[in-house]
Structures are given as C-alpha cells and as structure tokens.
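The structure appears below as structure tokens.
The values are calculated or read from the model by the stated rules, or taken from the named source; none is laboratory data. Quantities reported herein were computed from a predicted structural model and do not represent experimental measurements. For neighbour counting, all protein chains shown are included, and Cβ atoms are generated from backbone atoms with ideal geometry for every residue, glycine included.
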Amino acid sequence: MAAITLLDYGMCNMLNVARAFQHVGAQLTITEDPAQARSAERLVVPGVGAFSNSMHELNRRGHSDAIRDFVATGRPMLGICVGMQMLFEGSEEFGDTNGLGLLTGWVRAVPDQTVDGQPQRVPHIGWDKLFVPEHTNRSWAGTLLEPLAQIDPAVYFVHSFCAVPADKADILAECDYGGHRLCAAVARDNIVATQFHPERSGEIGLRALRHFVEM
C-alpha cells in the first residue's frame, strides 16, 4: 500500500478522512509541516467551509507553495471538497478570492433554481449519482473513479459553490442538480479531486480511496 500524507491546515475534520484511509489499509501520516507535504509519496488536501478562509490558512501556514511544489513533482495528489475548489484560479464566494491556480476556471455558486425555473435548496446536500461528462466520451479507466464505472455510483455532497473548469477536458465526473450538470470530480495529469466527500460516501467512497492508494 502507498504512503498517504494528509495535510492538516486547520480547516477540516481530519478524523473522518483519516479513518477512511486507515480502513482501506493506507500507511497514513497527518502533517501540518509544509516540508513534509512537499516530500509526500501521495498528498491529500481535504477541506470544508468557506473558500476564502481555507485559502487564508493555506497561505498563512506556507502550504500553498508546498502544494504547488508537490504537484510539480508529478506524484499523485487528491483534493476533496474545498480541497478541490482551491486548485482553481479563484472563487466568487464572499467576494473574489484567488486560488492555487493549478487548474483553470473559477468556483461559482450552485444554482438556486432548477433549469425549469423552480426554487431549489442551496446548499446541495445529499446523495447523487455520478455521470461521465455529457460533453465528452472521457473514460474513468485509469482514474480514481475506475472502480465505480460499472456500478451506477451515488456519492455524498455538501456544498454551496462548485468549480466551473475552463477546460472541459479536466472534468472527470458530473452530477445532476435540478437539471444542471455540476462538476463532481476533476483530473489532470497527477491531480485528481472530488467535490463530493468519498469519506462520507460509504463503500462507494471507500472503493475510490482504496484505488487512489493502490493505483
């Protein structure tokens, strides 16, 4: 099993993520040290809450450059929820805030109306199915989601904002919310990230995390 380094920057309940990785047999280290993040075999950046607060903590603690340096090594990195959103150029949540700029695109508000103009709840909370992006024939083979390709997977979401990648080829999976296709996962080179919470998605999420450890 690969060694997993979980980055703790004070903006996530690390316990659930840590337990999920331990459950799938990962050799797990939790660190607040940017140098240890840089030298990780595989790095995981989780996140909950507001984008601006999370980016502030990454910058304040020296983790932003550490994440960029790690990605430049070509070793695998996984972002979860806000940990996915921060990979992009920025977010409009509570005013524009710059992100890590590792992927092009911005984080926008989840629509508060369905495509038919009916009000819908924001935040988007609950279980929804994952779909291959409708604008592409992209395969999940060789990615984090490969073990889910044949099982019509449903996973758990909690979010009010969602990444809108500028390069649609970065979108690995989508979900349907009120007729809107929202970006649910992205992948580019050694970066993979999910808007949904695999650590809260039962056996489906554990399959994905196990594959990240083993792939």
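Worth pointing out:
- Qualifying residue in the stretch 108-119 (condition: in a strand (DSSP E or B), touching a Phe, Trp or Tyr at 6+ places or on another chain (Cβ under 7 Å) and closer than 20 Å to A208 by Cα): no
- Remark: G49 matches the filter, which requires a residue to be on the phi > 0 side of the Ramachandran plot, touching a helix residue (DSSP H, G or I) at 6+ places or on another chain (Cβ under 9 Å) and modelled with pLDDT under 95.
- Every residue from the stretch 167-186 that is in contact with a Leu (Cβ under 8 Å, 6 or more places away or on another chain) and not charged (D, E, K, R): L172, A173, C175, A184, A185, V186
- Flag for A18 being part of a loop (DSSP other than H, G, I, E, B) and modelled with pLDDT of 95 or more: no
- The residues in the stretch 44-74 that are buried (at least 16 other Cβ atoms within 10 Å of the Cβ) and in contact with a Lys or Arg (Cβ under 7 Å, 6 or more places away or on another chain) can be counted, and the count is 2.
- Each residue in the stretch 181-204 was checked for being out of contact with any Gly (no Cβ under 6 Å at 6 or more places or on another chain) and part of a loop (DSSP other than H, G, I, E, B), and 5 pass.
- So F94, is it modelled with pLDDT under 95 and either among the basic types (K, R) or out of contact with any Lys or Arg (no Cβ under 6 Å at 6 or more places or on another chain) (or both): yes
- Residue count for the stretch 13-30 under the criterion of being in contact (Cβ under 8 Å) with a residue 40 or more places away in the chain and in contact with a strand residue (DSSP E or B) (Cβ under 8 Å, 6 or more places away or on another chain): the result is 3.
- Unmet criterion (only one of (1) under 22 Å from F94 (Cβ atoms); (2) free of Cβ contacts under 8 Å to residues at least 24 places away in the same chain) for D33: (1)
- Entry remark, the stretch 71-105: residues being free of Cβ contacts under 8 Å to residues at least 12 places away in the same chain and not in a loop (DSSP other than H, G, I, E, B) number 1 in total.
- All of (1) hydrophobic (A, V, I, L, M, F, W, C); (2) modelled with pLDDT under 95; (3) surrounded by fewer than 17 Cβ atoms within 10 Å (Cβ to Cβ) hold for A35 with one exception: (2).
- Qualifying positions in the stretch 10-25 - aliphatic (A, V, I, L, M) and under 20 Å from V158 (Cα atoms): M11, M14, L15, V17, A18, A20
- Looking at the stretch 120-174, the strands (runs of 3 or more DSSP E) lying wholly inside it that each contain 1 or more residues that are among the hydrophobic types (A, V, I, L, M, F, W, C), closer than 21 Å to V24 by Cβ and at pLDDT 95 or above sit at 124-129, 154-159.
- Matching option when the condition is touching an Asp or Glu at 6+ places or on another chain (Cβ under 9 Å) and exposed (fewer than 14 other Cβ atoms within 10 Å of the Cβ), among A3, A18: A3
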